[in-house]
Structure formats: C-alpha cells, structure tokens
1. Once both axes come from the Cα atoms, what is the angle between helix 281-293 and the longest principal axis of the chain, in degrees from 0 to 90, rounded to 10?
2. Any idea what % of Cα-Cα pairs in the range 71-182 are farther than 20 Å?
3. Can you give the Rg/Rh ratio of the chain, where Rg is from the C-alpha atoms and Rh is the Kirkwood radius?
4. Nearest 10 degrees is fine. How inclined is helix 10-21 to the longest principal axis of the chain, computing both from alpha carbons?
5. Which of 124, 83, 151 ends up with the largest GNM mean-square fluctuation for the chain, with Cα atoms connected below 10 Å?
6. From the helices alone, meaning DSSP H stretches of at least four residues, give me the mean residue ellipticity at 222 nm for the chain, per-run term -39500 (n - 2.57), in deg cm²/dmol to the nearest 500.
7. Any chance you could check the Cα centroid distance between the range 80-101 and the range 103-172 for me, in angstrom?
8. In which sequence would 256, 160, 70 go, from the one with the fewest C-beta neighbours within 10 Å to the one with the most?
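Nothing in this text is a laboratory measurement; each read-out follows from the coordinates by a stated rule. What you see is a predicted model, and the numbers here were worked out from it, not measured in a lab. Note that each Cβ is placed from the backbone with ideal geometry, even for glycine, and that neighbours are counted across all protein chains shown.
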Ligand SMILES: NC(=O)c1ccc[n+]([C@@H]2O[C@H](COP(=O)([O-])OP(=O)(O)OC[C@H]3O[C@@H](n4cnc5c(N)ncnc54)[C@H](OP(=O)(O)O)[C@@H]3O)[C@@H](O)[C@H]2O)c1
C-alpha cells in the first residue's frame, strides 16, 4: 500500500493513477471524498482528511510501504510559513507514529535556502524536519517552476491580449511539466531503493525564458504575435491581492519572483541527463491550448 497526499492535485493524481495501473494498492488522501471518487473508480482506497490532522494522517499512513508527501498551496493562509510548518509537522509526526519507512517528499528548486525565497522557505523547513526522522529513508524531489502555473495566465491572454508576469523576459528558468515530476516519483516509489536522506533536482527539458514560453504558447493558440510583458512587483502584488490571495501569500510570491529574477532561486546542480526531464514547453503548449480553447 502507498499513501499519496495531494491526490486530486497536479502531481498526486498522476502518481496515484500510474501506481494503480501497475497493480499497486494506493490510498489517496484529500479533504473531500467526492473529489477522490474518480481514483476510487480506478481501484484506490479513499482517505478523506486534512493534512494538518496528526491523528487522521497517522491512520492514513498506517500499513503503508511509502508516502508521497507534499504541502499544498493555500492562497488564503494568514501566515504562509506557519501554515506550511503546521502541515509539515503533522506529516512528520504521522510518518513517525505510523512507522513509515520511505517518503518521497515534493520540495522545490531553491529549498536549500532558509530565507528570502517566499513559499520555498516552507519547503526548506520541511526538508530539514524530515531529515531529522530516524530510520526513515527520505527522497526530496526538487522540481523547477511548474509549466502548469501558466494556466493562471489564460485570462490575461484572453482579456488583455498579452502574456505577463514579474519574471524578466530573458531569464532562463528551469520549467517542468508536472507529469515529469510524477513520472520520477512513480519510478522512485516503485523501486523503493532510495536510502538515507537525499535530494533530486528535476530541471525540465531545457531552460526557457518567458519570451520563449510566450512564443511557444502564442504559436500553439494561434496568436503568433503574442507579447510578453514584465509586470512591476507592485502591480503583480495588487493583482494577486485583487484575486483574493492573502497579504502573506502575496508577499511570499513577490519575494519568490524577486528571488528568481536575482538568481537567488536556481538549481544547485549543472544540467545533466540525470536532472533533465522529457516534456518540452512546445509539448506542454498542446495541453495549454486544449485548456485555453476548452
Ligand atoms: N507551482 C510551482 O511552480 C511549484 C514549484 C516547485 C514546487 N512546488 C510545490 O508543489 C506543491 C504543490 O503540488 P501540486 O501542484 O501537485 O499540488 P496542487 O495541484 O496544488 O494540489 C494540492 C492538493 O492538496 C490537497 N489539499 C489541499 N489542502 C489540503 C489539506 N488541508 N488537507 C489535505 N489535502 C489538501 C488538494 O486536494 P483537495 O482540494 O481535494 O483536498 C490537492 O489535491 C507545493 O508544495 C508547492 O510549493 C510548486
């Protein structure tokens, strides 16, 4: 049995589906049983509960060979790092209580840094916390910027006819499709050979700039002249607050964009075969187009 947190999300859903298709037993965790139903229909056992509930997570992790652990985003968090630490602490305690031996932890590029990298700081805290667990093998996956974040720009492209974000247009970014993170997690969860505490960076198919991204998306959606605009941090901040993100979450995201632009968030390894993944931005643009046109 495997326990998969965030099972209705980008990575967890694909991991659960892939393990089920290999004939493995999978316990899928989310807050709402109805949202887990499609995975139950594919053979999973549903566990409805909140990740900050130690007793519930202890039950969810009991009898499992390995856990796929993650701390979900929370746009409404009053204090983002406190929220992340509450969930992180509950997960670590439940892993200990349930005597789980192996954990694949979803972290991020930049999680070697304790300060000034916004939401990634909470993932630093979680790596440190899990590294302290005795007799548990932990693999931290550190992917780059998710291509799926680009879905947030669909409204902007439709309403304003531009693509934009606070990222510099010519900044090389290690951008990755979440299906490639899931594929790596599935390999690690199937083999169960990782030992001790280790980190694996996942850097996407190649570094891309927002100018490259805008070209690929524009071409795919039939707007080959789509322009990229770098938004000032203050404008992005206003927009995020306007979308209902809490001040703490907004401030964390602004800090993260700043950290990308200034080269603070960057991989610790050089690109190699080991940390390069399959899906190109041009390939992702096909999925983007389906959502854009759907
Ligand atoms: N976006 C990026 O560029 C990026 C880059 C590197 C790392 N990351 C990290 O990746 C993680 C997000 O991964 P993802 O994109 O695969 O997830 P996601 O699509 O954001 O999904 C979050 C999942 O968590 C569940 N969830 C939310 N709150 C919960 C709670 N209190 N208790 C139980 N379940 C809860 C949601 O399910 P229900 O709503 O059904 O409960 C959903 O399945 C974050 O830690 C983020 O920092 C993101």
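1. Roughly 80 degrees, rounded to the nearest 10.
2. Cα-Cα pairs in the range 71-182 separated by more than 20 Å: 52 percent.
3. On the way: Rg = 18.9 Å, Rh = 19.7 Å.
Radius of gyration over Kirkwood radius for the chain works out to 0.96.
4. Orientation of helix 10-21: about 50 degrees from the principal axis.
5. Result: 151 has the largest fluctuation of those listed.
6. On the way: 11 runs with 128 residues, N = 294.
That comes out to -13500 deg cm²/dmol.
7. If we compute the Cα centre of each part, the gap is 19 Å.
8. Exposure proxy ranking, most exposed first: 160, 256, 70.
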